[in-house]
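Worksheet: one structure, shown below.
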Amino acid sequence: MAVVSDAERTQAATARLAALEDDDFAAVADAGADNSDDDFLVDLGTDDEPELGESAPRKRRKSRGGGAAGRGPKRKTRAMLEAERRGPRTFAGLLEETESASLEEGGPPPPAYTAAAVGPQVGAATRRWCSVCGFAAPYRCVRCGSRFCTRKCYGVHTETRCLKFVG
Amino acid sequence: MHDGTCIVLDNGGANCKIGLAGQRQPLLVFPNATGKAKGERTVYVGDQLLEDRDLSSLALRRPLERGYLVNEEVERAVWGRAFKAVLPRGAPASDCGLLLTEPLLNLPAIQDSTAQMVFEDFGFASLLATPAPPLALAAWAAEAPAPACALNRAAAGLVVDAGFSFMHAAPVLGGRVLGGGVRRVNLGGKALTNYLKELVSYRSVNMMEETALVDAIKEAACFVSGDMAADLTAARAGGHRLEYVLPNGVTNLRGYVRQPGAPAPASAADTPEQVLVLGNERFMVPELAFRPSDIGVAQGGIAQAAAEAAAAVHPDLRPAMLANVIVVGGLARCPGFVARLQAELRPLVPDECEVAVHMPADPMLAAWQGGSQLAASPEYARRAVTRAEYEERGACFLAA
């Protein structure tokens, strides 16, 4: 009998939590090739091209450790535009960047972001809910570890979801 | 220093609230996003999303990720349109100040690029970037009738911000956030919407691409349970059942809640309507705000966040904080939220402290209203950074 390993279960649970923070933009972008990033941008119609000369000074400043004052905007090179197309800024990336900068000698203090997260639940046991109907679930699927409450819900679970998340 | 108008912008993860300093209500409240319907090339920006149009399969792109301004291109488009609409006719942005809310514990790199956007792309004369909790506390103190207690309500309080991207409990003293006491739950309205979307898509109708619609359903149908066990028993017996009529794209663009027993509309015969039936999802979804562990987030809920925040401040301040807990943010509007927070917070804090949870009249706009007061006061000129100062010193001042 195929059983989902603990590692795969953790991985699936993490992926599910990450999906809760997703915009539906990603799903649409995958569906059609014409949905490029640029489709979501609009031309503001301002005279000072807002798109150019924006991230160039930022990058330069960051590489010097945030101390340099702003200079005039600089035109982006083709390579920089390409780099930007490949990787948009993500919050996780920025957080990591700030943290690693603070580890270096003389860097800024570490961000309080991580320390501010609330600790684990205290004073109450974890509650288990049926993955099918949402009511209290005393049982656990032996193959994938999902919760279910009755024989009926277990039937639905095995037909629809069981082992699906590991492909 | 400028002496012209000042724009107040509460840049939330879900909605931008924008208006002019000194006014009581913002001029515009609109989604902080750009959206594109599937298969179309037209992009709707900010307030254009509010126009009466079919919401189906509208893909939103948000500039904020986990509450922090990450995608500047999108934000620039949204702000550009909003500033144009709000600025008095003929007044250039260079005569204007801007009061902008920033998330708690903002990263220096983000402050840097935000200031750059405000001064270099939009050319404002001055900028005051400030966290929202003190503003919300000030707004609530202003709207509350004569304080029943001797305590000055604007001076000290615990602001619980149950927002779209995350939930914060932040102790505020004398108009400043006590940084060491801030506690965050990594779940917000967005996660709840996505969770509801996942549940209904599995259980009844597939709505994985209908985030905007699910958001509307969540606001119309969800409530915070006061007694989980009783509500679950009732739900099993068919209580709490609610029918939501889904949009058909012709006569009904947003969908609506159908009251049980109400007669079907006359047109029902020729256009059969699709109905989504909700049961325990109605309270199991907002339940995550209090028990994130239900879906496997290794964190306590918002009540625990508030208790930890209160425990982190000086013991002498604790009673003042707990007697003045203010709930703001979109999730606070969920019926039952305040009562549940009060009930859950009580056993978590020392029993000699009085616990009182309050909600401003409009929890979503409270931060904006406080910002409007601040921007109209001389305090703004004292704290704001002018463009000249920015050009001289760069953006590093914002961290101070």
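Details
- The C-beta contact set for region B:164-190 (first residue over 17 Å from B:Ala14 (Cβ atoms) and without any contact (Cβ under 8 Å) to a residue 60 or more places away in the chain, second residue open to solvent by 10 Å² or more (accessible area, probe 1.4 Å) and in a loop (DSSP other than H, G, I, E, B), distance under 8 angstrom, 6+ apart or interchain) comprises B:Val172/B:Leu178; B:Gly174/B:Ala155; B:Gly175/B:Ala154.
- Test for B:Ala115: is it out of contact with any Cys (no Cβ under 6 Å at 6 or more places or on another chain) and open to solvent by less than 20 Å² (accessible area, probe 1.4 Å): yes
- Looking at region B:167-256, the strands (runs of 3 or more DSSP E) lying wholly inside it that each contain 1 or more residues that are among the acidic types (Asp, Glu) sit at B:242-245.
- Restricting attention to region B:54-70, the residues that are of a type in the set (Ser, Thr, Tyr) and either facing chain A (nearest Cβ under 9 Å) or open to solvent by less than 10 Å² (accessible area, probe 1.4 Å) (or both) add up to 2.
- Which listed residue is under 27 Å from B:Lys17 (Cβ atoms), open to solvent by 20 Å² or more (accessible area, probe 1.4 Å) and in a helix (DSSP H, G or I), from B:Arg346, B:Arg393, B:Arg382: B:Arg382
- Taken together, the criteria exclude A:Gly93 from residues that are more than 10 Å from chain B (Cβ to nearest Cβ) and either at pLDDT 90 or above or out of contact with any His (no Cβ under 8 Å at 6 or more places or on another chain) (or both).
- Count of region B:86-112 residues, restricted to those that are closer than 23 Å to A:Ala92 by Cβ and open to solvent by less than 10 Å² (accessible area, probe 1.4 Å), is 2.
- Any hit, region B:71-79, residues being open to solvent by 30 Å² or more (accessible area, probe 1.4 Å) and either more than 30 Å from B:Val250 (Cβ to Cβ) or at pLDDT below 90 (or both): yes
- Residue satisfying all of: in region A:138-152; without any contact (Cβ under 8 Å) to a residue 40 or more places away in the chain and within 20 Å of A:Arg9 (Cα to Cα); surrounded by the fewest Cβ atoms within 10 Å (Cβ to Cβ) among these: A:Pro138
- Residues in region B:143-158 include none that are on the phi > 0 side of the Ramachandran plot, of a type outside the set (A, V, I, L, M, F, W, C) and at pLDDT below 90.
- Looking across B:Gly179, B:Gly279, B:Gly189, one residue alone is modelled with pLDDT of 90 or more and under 22 Å from the mean Cα position of the chain (by Cα). It is B:Gly189.
- Enumeration of residues in region B:217-233 that are open to solvent by 40 Å² or more (accessible area, probe 1.4 Å) and more than 11 Å from every other protein chain (Cβ to nearest Cβ): B:Glu219, B:Ala220, B:Gly226, B:Asp227, B:Ala230
Each row is one residue, and each column tells you yes or no for (1) without any contact (Cβ under 8 Å) to a residue 24 or more places away in the chain; (2) within 22 Å of B:Phe164 (Cα to Cα).
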position: B:Ala310; (1), (2): no, no
position: B:Val313; (1), (2): no, no
position: B:Arg318; (1), (2): no, no
position: B:Ile326; (1), (2): no, yes
position: B:Leu331; (1), (2): no, yes
position: B:Cys334; (1), (2): no, yes
position: B:Val338; (1), (2): yes, yes
position: B:Cys353; (1), (2): no, no
position: B:Ala356; (1), (2): no, no
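- A count restricted to region B:300-336 and to residues that are within 30 Å of A:Ser146 (Cβ to Cβ), open to solvent by 10 Å² or more (accessible area, probe 1.4 Å) and within 14 Å of chain A (Cβ to nearest Cβ) stands at 1.
- Residues within region B:128-143 that are within 14 Å of chain A (Cβ to nearest Cβ) and surrounded by 24 or more Cβ atoms within 10 Å (Cβ to Cβ), tallied: 1
- Under the condition of being under 17 Å from B:Met364 (Cβ atoms) and not in a strand (DSSP E or B), the residues counted in region B:115-133 number 2.
- Condition check for B:Leu50 on (1) of a type in the set (A, V, I, L, M); (2) farther than 16 Å from B:Gly330 by Cβ; (3) more than 9 Å from every other protein chain (Cβ to nearest Cβ): one failure, at (2).
- Residue match in region B:323-340 (condition: closer than 16 Å to B:Gly97 by Cβ and in contact with an Asp or Glu (Cβ under 9 Å, 6 or more places away or on another chain)): no
- Residue-level analysis places B:Arg81 among those that are among the charged types (D, E, K, R) and at the interface with chain A (Cβ under 9 Å from one of its Cβ atoms).
The values are calculated or read from the model by the stated rules, or taken from the named source; none is laboratory data. What you see is a predicted model; the values in this text were computed from it and never measured. FYI the Cβ positions are ideal-geometry reconstructions off the backbone, even for glycines, and counts take in every protein chain you see. The protein model used for the area step is the full one, side chains on, heavy atoms only, and it has no ligands, DNA or RNA in it. Shrake-Rupley method; radii C 1.70, N 1.55, O 1.52, S 1.80 Å.
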